[in-house]
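Have a look at this one before I ask anything.
Only the coordinates and a few stated rules stand behind these numbers; no lab work does. Given the structure is predicted, the values throughout are model-derived calculations rather than measurements. Note: ideal-geometry Cβ built from the backbone for every residue, glycine included; neighbour counts use all protein chains shown.
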Amino acid sequence: MTSSSVPSPISASAASPAQAADLSVADAGAKQGAEVSHQAEAGHGEEEGHGDFRLFGLATFLVADGMTFAGFFAAYLTFRAVNPLAEGGNYELELVLPTVNTILLLLSSLTFHRAAKAIHQDRTQACRNWLLVTAALGFTFLGGQMVEYFSLPFGLTDNLFASTFYAITGFHGLHVTLGGLMILIIWWQSRQGGRVTKANLFPLEATELYWHFVDGIWVLLYGILYLL
Amino acid sequence: MTLTLFPPTATPEPQAPLQPQGWLRYFSFSVDHKVIGLQYLVCGFLFYFVGGALAGMIRTELLTPLSDFMPRETYNEVLTLHGTVMIFLWIVPVVNGAFGNYLIPFYVGARDMAFPRLNAVAFWLIPPAGLLLISSYFIGSASQSGWTAYPPLSLTTPATGQVIWILSVLLLGGSSIFGGINFIATILKLRRPGLKLLQLPMFCWALLGTSILVVLSTPVLAGTLVLLSFDIIAHTGFFNPALGGNAVVYQHLFWFYSHPAVYIMVLPAFGLVSEILPVHARKPLFGYITMVYSIMAIVVLGLVVWAHHMFTSGTPPWMRLFFTIATSLIAVPTGIKFFNWLATLWGGKIALNSAMLFSCGFIFNFVFGGITGVALAQVPFDIHVHDTYFVVAHFHYIVYGGTVFVIFGSVYHWYPKFTGRLANETLGRLHFVLTFIGFNLCFAPQHWLGLNGMPRRVAEYDPQFTFVNQLSSVGALLMAISTLPFLINMIYSAFAGEKAGDNPWRALTPEWLTSSPPPVENWKGPAPLVTHPYGYGEAPQPQAVGASSP
């Protein structure tokens, strides 16, 4: 249990000379211990002390995922800066629906937060309701995206802007779809006897982190694609 | 008080064999980091021989100025496959996946990686991706646009092969990202309590830096290749100038990954060589802290130098200036590492065994490749030799003379750990001599070819270059021959090699403080706390291992 109290001869050379000399003497005394002492066994400290690093792993993954979007945004901005569009193309987009969609998605982040808070307070039913609301907001957002896609005057291959627009919003929509499904799964798993409980919050926390990430990306996307 | 309901915890509980044991486990979805490491290693070597055969085809074609050994299209397929296989299926998986997986849990004092199952998934993405890539050659046409797949070339060459190439690289990129996440989490979060970051062996730092690069840059390549596949399949025009797109944007995005990819290939090699040199020179690693800062400086600078691959792509002058300066700056941390290795060797009790020979070969070759790298960073020179064999020579001095030499050295160094037996020294030294001569004979003349204007990736060349090309091909033949003693050595020694014992090198790093090969969870008892992994010959040196001197 005591990871630091057992002196290690290997670390001894870092200690003060006197202390290290003492240790050497001690080692010389315990001649047979040369091999063993080198191994510096130091208790069972490793069995404890590691927190749950799964969220850390997910966060690292989200950094990677964010870099994909960063690449897309960089491509879009460069296209926009240097490539004139073919005739008939322009960068203007209808703003009402996307703005409503943005608000929906931001609201869904809030409702997810409420869900997490509820389960922390042992109000499982409230948590499940908030999860449903979140999923509903997410899928409404996707419906809004569909409506927008079908009402836009350009198709995927019409011009460079159109292609980039569909690629980026489509890739984001894929993320929302995945997140919505994940929310439904944890909603199902948080039922009585399910896997998601106050004692096993990781699935919920992971989905929440992912969902906030997807919302954050949308805010960036909205600023770059629609407002700029 | 005498009643015990549970057996005492000191008795090791018999472990249920959930996974196949023995040799079968190497063909299973094992989550043991050592098994996965060796899976990466052997799988990587298989692809190395494929890539080597392809290189042999290239050098055979270039024996004569005419394209008489194979059709030009086939030559393009062969060079594309050679580049892709060697980079994505050999070097990246082996220096990161193989040695990283095998060593990192030992170095941080853990029993496995942070995410063992993700680790197994990352490995098992590689064989299908590799087979997919190679199969494209047999189902019509492999990609012909080089490992860079620049549009519009990649949009005009046969689509099937190109799309398969993209799919394969996406799978391999995914594998790489999963591996990177795992390494970062393992090094930062799974360290044994009491072990500080600055007490870690240098390989941990190298792999931490590499994994940061992997996580930050690989997704950009993935996104770019998805867009490229849209251009091929859906006829969008992202990178197609004929449709109003911008091919240079592809180059920027591609090199945003692929320049760091050079560091993804070479930084782990830096780390491995920093492990090998102190052991066989019996001296502490010189300048530990400067090594750490150098790695991190290389990571930061490595992310902002990509456009030096594009000096002939119409880059504006300010961009050329910035990227020239940034690229030249990388020589500083790299030079620090180089001199630190020399200082580590200086005055050491050097054992000139195979591992040490290959490490010294690495230092020699790498400084050569590094010097031509600084030369290539200078715009006027770069424009002169762009897309010539000078670049080919420089690149191979970095990745073959650098990384592959380290891979061989590492195989010899850790072979006793992997198998419990020593590799044969005579065969190992023969392997080194053949490889070293063959490599330098193959690639040194290519500097001259490039300076005199022989373009790369072309099956035909000016007849005045014939003799030097033949010289280069002889070198390639020597390199091919050099794998024979290596293979014989590896297979023979695994069965009949001298028993190594647990720690034949009397090394102080933690992987040697357990049996060879190590037990399933690395240590029978608790993990050792190794705070001075390079404490060779330090006074007052505790009689650590061997304990022969009074």
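Considering only C-alpha atoms, what is the centroid distance from the stretch B:372-429 to the stretch B:83-152, in Å?
18 Å
Determine the sum of side-chain charges near B:Ser516: Lys and Arg each +1, Asp and Glu each -1, restricted to other residues whose C-beta is under 14 angstrom from that of B:Ser516.
+3
Rank the residues B:Tyr250, B:Tyr137 as a footprinting-exposure proxy: fewest other Cβ atoms within 10 Å of their Cβ go first. Walk me through the numbers before you get to the answer.
Values: B:Tyr250 26, B:Tyr137 18.
In increasing order of surrounding Cβ atoms, one gets B:Tyr137, B:Tyr250.
Follow-up. Given axes a ≥ b ≥ c from the Cα gyration tensor, I'd like to know whether the protein assembly as shown is rounded (a/c under 1.5), prolate (a/b larger than b/c) or oblate.
Values: a/c = 1.96, a/b = 1.12, b/c = 1.75.
The shape class here is oblate.
Place the peptides B:393-400, B:447-454 in order of packing, highest mean first, counting for every residue the other Cβ atoms within 10 Å and averaging per peptide.
So the order, starting with the most tightly packed, is B:393-400, B:447-454.
From the backbone phi of the stretch B:381-387, what are the Karplus-calculated ³J(HN,Hα) couplings (6.51 cos²θ - 1.76 cosθ + 1.60, θ = phi - 60°) in whole Hz, Gly and Pro given as x?
Per-residue couplings from phi come out as 5, 4, 5, 5, 9, 4, 6 Hz.
In addition: Along the charge dipole of the stretch B:371-467, which of B:Leu451, B:Gly420, B:Val406 sits closest to the positive end, that is, farthest toward it, with unit charges on the beta carbon of Lys, Arg, Asp and Glu (+1, +1, -1, -1)?
B:Gly420
Still on this model: Could you list B:Phe432, B:Phe239 so that the one with the fewest beta carbons within 10 Å of its beta carbon is first and the one with the most is last?
Placing the least packed residue first, the sequence is B:Phe432, B:Phe239.
Something else now. Please work out the ratio of the alpha-carbon Rg of the stretch A:82-228 to 2.2 N^0.38 Å and round it to two decimals.
Its radius of gyration relative to the 2.2 N^0.38 Å reference: 1.21.
Next up: Applying 1/(1 + (r/R0)^6) with R0 = 51 Å to the Cβ-Cβ distance of B:Ser515 and B:Ile325, what FRET efficiency is obtained, to the nearest 0.05? Before the final figure, lay out the partial values.
Working: r = 51 Å, r/R0 = 1.00.
Once rounded, the FRET efficiency stands at 0.50.
A further question follows. If Lys and Arg each add +1 and Asp and Glu each add -1, what is the summed charge of the other residues whose beta carbon sits under 12 Å from the beta carbon of B:Ala423?
+1
Find the centroid of the Cα atoms in the stretch B:444-463 and in the stretch A:207-228, then give the distance between the two in whole Å.
Their Cα centres are 49 Å away from one another.
Among B:Thr290, B:Gly361, B:Gly314, whose Cα lies farthest out toward the positive end of the dipole of chain B, if unit charges sit on the beta carbon of Lys, Arg (+1) and Asp, Glu (-1)?
My answer, from the dipole projection, is B:Thr290.
Over the stretch B:230-322, calculate the relative contact order: mean separation of alpha carbon pairs under 8 Å at least 6 apart, over the residue count, as a percent.
Dividing the mean separation by the residue count of the stretch B:230-322 yields 27 percent.
Ok, one more. Give me the angle, in degrees from 0 to 90, between the Cα long axis of helix B:126-138 and the longest principal axis of the Cα atoms of chain B, rounded to the nearest 10.
The angle comes out near 30 degrees.
While we're on this one: Quick one: putting +1 on the C-beta of Lys and Arg, -1 on the C-beta of Asp and Glu, what dipole do you get for the protein assembly as shown around its Cα centre, in Debye to the nearest 20?
My answer is approximately 1100 debye.
Next up: What does the structure give for B:186-194 when I average, per residue, the other chain Cβ atoms found within 10 Å of the residue Cβ?
Averaged over the peptide's residues, the number is 5.
Rounded if a/c is under 1.5, else prolate if a/b is larger than b/c, else oblate: which is the stretch B:328-400, with a ≥ b ≥ c the root eigenvalues of its Cα gyration tensor?
It comes out oblate by the Cα gyration axes.
Evaluate peptide B:212-221: per residue, the Cβ atoms of other protein chains within 10 Å of its Cβ; return the mean as an integer.
4
A further question follows. Check B:Thr388: other-chain or 5+ apart residues with amide H under 5 Å from its amide H, H built from backbone geometry?
For B:Thr388, whose amide H was placed from the backbone, the distant partners under 5 Å are B:Arg456.
Which is farthest toward the positive dipole end of the protein assembly as shown among A:Tyr76, A:Leu204, B:Ile139, measuring Cα position about the Cα centre, with Cβ charges +1 (Lys, Arg) and -1 (Asp, Glu)?
Of the candidates, A:Leu204 comes out farthest on the positive side.
Moving on to the next point. Please list, in order along the stretch B:234-240, the HN-Hα scalar couplings obtained from phi with the Karplus expression 6.51 cos²θ - 1.76 cosθ + 1.60 (θ = phi - 60°), rounded to whole Hz, x for Gly and Pro.
9, 6, 6, x, 3, 10, 9
How would you classify the stretch A:180-228 from its alpha-carbon gyration tensor, with a ≥ b ≥ c the square roots of the eigenvalues: rounded for a/c under 1.5, else prolate if a/b is greater than b/c, otherwise oblate? Let's see the in-between values first.
Numbers: a/c = 6.43, a/b = 3.17, b/c = 2.03.
In terms of gyration-tensor shape, prolate.
How high is the relative contact order of the stretch B:160-285, in percent, with contacts defined as C-alpha pairs under 8 Å that are six or more residues apart?
Details: 110 pairs, mean separation 36.7, N = 126.
Relative contact order comes out at 29 percent.
Let me ask something else. Need one value for B:242-250: mean number of C-beta atoms belonging to other chains within 10 Å of its residues' C-beta atoms.
5
Under 5 Å between amide hydrogens, which residues at least 5 positions from B:Arg421 or on another chain qualify, with H placed 1.01 Å from N in the peptide plane?
The answer is B:Ala500.
Can you work out ³J(HN,Hα) from phi for every residue in the stretch B:304-318, in order, using Karplus 6.51 cos²θ - 1.76 cosθ + 1.60 and θ = phi - 60°, giving whole Hz and x for Gly and Pro?
Each residue of the stretch B:304-318 in turn: 10, 10, 4, 6, 6, 7, 10, 5, 9, 9, x, 6, x, x, 4 Hz.
Taking neighbour counts of Cβ atoms within 10 Å as a proxy for exposure, in what order, fewest first, do B:Thr224, B:Thr388 appear?
B:Thr388, B:Thr224
What percent do you get for the relative contact order of chain B when only Cα pairs under 8 Å and 6+ apart count?
Averaging sequence separation for qualifying contacts and normalising by length gives 16 percent for chain B.
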